[in-house]
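A.B. asks: Got a structure for you, written out below as C-alpha cells; questions coming shortly.
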Amino acid sequence: MSDDIYMNIVEAIIFASDKPVSNRVLASKLPDHCNVSEILQELKSKYTNRGVNLSKVGDSWAFRTAPEVAEYLIVEKTVQKKLSKAALEILSIIAYHQPITRAEIEDMRGVSVSQGSLEMLFEANWVEPRGYKDVPGRPATWRTSKHFLDHFGLESIKDLPGLSELKASGLLARNTGPSYLNSNNINN
C-alpha cells in the first residue's frame with residue numbers, strides 16, 4: 001500500500017469519531033512501519049487554512065471548525081442546564097490546582113462543596129476522579145478530563161490563561177482576584 005492510503009485511513013478514523021482519537025488508537029490501526037506522528041503533522045498541514053482544522057486535544061486529535069468560518073454555521077442543540085456560580089468556581093479550582101481533593105476545594109472556597117455541583121461537573125464529563133491522595137483517609141482527588149480540554153479548545157491544561165491574562169480580558173478586577181487563583185499554579 002502507498003503512504004497516501006495510511007494518511008487516508010487516519011483521516012477517516014478521526015473524521016468518523018465523535019470524540020478525539022489518541023495516537024495509540026491510530027497507531028493500532030496501521031502497520032508497525034507507519035510513523036503516526038508524521039502522518040498527523042502532514043494531515044494538520046493539509047487542513048491549515050481550511051473550513052475545518054485538525055486540532056490536537058491532549059494526546060488525541062479531532063477535526064474542528066475553523067474559527068474564521070464558525071459564525072456562518074448554525075448549530076441547533078439542546079441547551080443543557082447552566083452551571084451554577086459555585087460549580088464554575090469549583091471547576092476553575094480543579095483546573096488550576098489538579099489533582100485536588102474535595103476538602104482542599106472547600107478550604108479554598110471557604111464553604112462546603114455540595115454533592116450536586118461536583119456531580120454536575122462529573123456528569124458533564126468535565127472532571128474525573130484522579131486517584132487517591134497518599135494521606136490518612138486516602139481521599140479521592142479530582143482533575144479535568146480530555147472532554148474539558150476539547151470543550152474549551154485547549155491542547156493541554158498548561159494552555160489555561162494566567163492571572164494577568166484573566167485581568168487583561170476583564171474577567172478579574174485588575175487589583176484583585178479570587179484567592180484560589182492567587183497561587184503559583186497561574187502564570188503571572
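A.B. asks: Has the range 32-46 got at least one residue that is among the small types (G, A, S), under 23 Å from H147 (Cα atoms) and either in a loop (DSSP other than H, G, I, E, B) or in contact (Cβ under 8 Å) with a residue 60 or more places away in the chain (or both)?
C.D. replies: No, the range 32-46 has no match at all.
Residues checked against (1) at pLDDT below 90; (2) within 23 Å of T65 (Cβ to Cβ); (3) not in a helix (DSSP H, G or I):
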{"site": "A103", "(1), (2), (3)": "no, no, no"}
{"site": "D107", "(1), (2), (3)": "no, no, no"}
{"site": "G116", "(1), (2), (3)": "yes, no, no"}
{"site": "F122", "(1), (2), (3)": "no, no, no"}
{"site": "G131", "(1), (2), (3)": "no, no, yes"}
{"site": "R138", "(1), (2), (3)": "no, no, yes"}
{"site": "L149", "(1), (2), (3)": "no, yes, no"}
{"site": "E155", "(1), (2), (3)": "no, yes, yes"}
{"site": "K167", "(1), (2), (3)": "yes, no, no"}
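A.B. asks: Looking at this structure, is V52 under 21 Å from L73 (Cβ atoms), without any contact (Cβ under 8 Å) to a residue 60 or more places away in the chain, within 21 Å of the chain's Cα centre (by Cα) and surrounded by 12 or more Cβ atoms within 10 Å (Cβ to Cβ)?
C.D. replies: yes
A.B. asks: Let me confirm something: among G110, G116, which residue is on the phi > 0 side of the Ramachandran plot and either loosely packed, with under 11 Cβ neighbours inside 10 Å or not polar (S, T, N, Q) (or both)?
C.D. replies: Selected residue: G110, the only one of G110, G116 that is on the phi > 0 side of the Ramachandran plot and either loosely packed, with under 11 Cβ neighbours inside 10 Å or not polar (S, T, N, Q) (or both).
A.B. asks: Next question. Taking the range 1-39 only, how many residues are loosely packed, with under 11 Cβ neighbours inside 10 Å and hydrophobic (A, V, I, L, M, F, W, C)?
C.D. replies: 3
The values are calculated or read from the model by the stated rules, or taken from the named source; none is laboratory data. Keep in mind that this is a model prediction, so the values were computed, not measured. Virtual Cβ from ideal backbone geometry, glycine too; neighbours counted across all protein chains shown.
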